[in-house]
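Enquirer: For reference, the structure I am asking about is given below.
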Amino acid sequence: MAQDTIVGTDTVKDALLTKANNDVSELFAAVAALVAGSGVLVSANDTTIGYLNGKLLAGYNITFTEGSDGADETLTIDVTDGALVAGTNITLTAGVGTMTISSEGLDVLTKTDDYVITTTDLGKSLRMNSVADKTFTLPSVGTDQDGFRLTIMKINSGKVTIDAVDSDKIADSGASGTIYDDVAAEIYATITLEYVHATTTWVIVSGHGTWVTTS
């Protein structure tokens, strides 16, 4: 509010009365302006007054529910059709609430010919369906893939070979070694490997069938 200066010709009584009248007038003017405006600026770049619920547009999965006069309002943000991809890392921070994650199993790739596995295939189940000898070639990996797993399954009579690249090993194989199952009757022979970067080795986590390593 504006400040008044008391000059020598004013009495203290008149000066205080004048100041009080001025202050009350300014207060009523401010209240009247606020009521007449019916709102405030919502964003820093707004030039006109408005309400927050007018800024929450339909189509952005945001709903604004007005409560009774003077009560709290409800802001709801709805996220649907989310998906958790196999092999994806999830990091949780401290907070309040519950997070539920469900899975329907591993993503599956079925091949009928030699296949070079990519890092995006890690976390999946790869199946070879062939009566001839076929090879899965492991990807070039590093620290970012440490701990990732891969499942290989033989679903026909053909020999299945898993070939390491770079200087990586598979179990007790030599550098750039292999592991294979060539028993025709062992349909559904399976092996799960996990990459351990500290030793640049694909370690056998589990397996079924006759898997043989080579140098």
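Enquirer: With label points built 7 Å along Cα→Cβ from the Cα atoms of Thr200 and Ile77, find their separation and express it in nm.
Expert: The answer from the label model is 4.5 nm.
Enquirer: Then there is this: Which far-off residues, 5 or more places away or on another chain, put their amide H under 5 Å from the one on Thr135, with H placed in the peptide plane?
Expert: Asp114, Tyr115, Thr161
Enquirer: Also, I was wondering about something else. Determine which lysines satisfy two conditions relative to Lys154: a Cα distance under 29 Å, and not lying fewer than 8 residues away in the same chain.
Expert: Partners found: Lys111, Lys124, Lys134, Lys169.
Enquirer: Could I ask something else about it? Once the Cβ-Cβ distance between Asn21 and Ser43 is put in as r, and R0 is 35 Å, what FRET efficiency do you end up with, to the nearest 0.05?
Expert: 0.40
Enquirer: Could I ask something else about it? Taking amide H positions as placed 1.01 Å from N in the peptide plane, with prolines and chain starts having none, which residues 5 or more places from Ser130, or on another chain, fall under 5 Å of its amide H?
Expert: Ile155, Asn156, Ser157, Gly158
Enquirer: Here is a further query. So, R0 is 41 Å and r is the distance between the beta-carbons of Ala175 and His208; what FRET efficiency does that work out to, to 0.05?
Expert: Computed FRET efficiency for Ala175 and His208 comes out at 0.95.
Enquirer: Moving on to the next point. Just to be sure I understand the model, the point goes 7 Å from the Cα along the line to the Cβ. What's the resulting Ser215 to Asp133 distance in nm?
Expert: Distance between the two pseudo-spin positions: 1.9 nm.
Rule-based calculations on the coordinates, nothing more; no lab input. Keep in mind it's a predicted model, so treat the numbers as computed, not measured. As a convention, Cβ positions derive from the backbone with ideal geometry for all residues, glycine included, and neighbour counts pool all protein chains shown.
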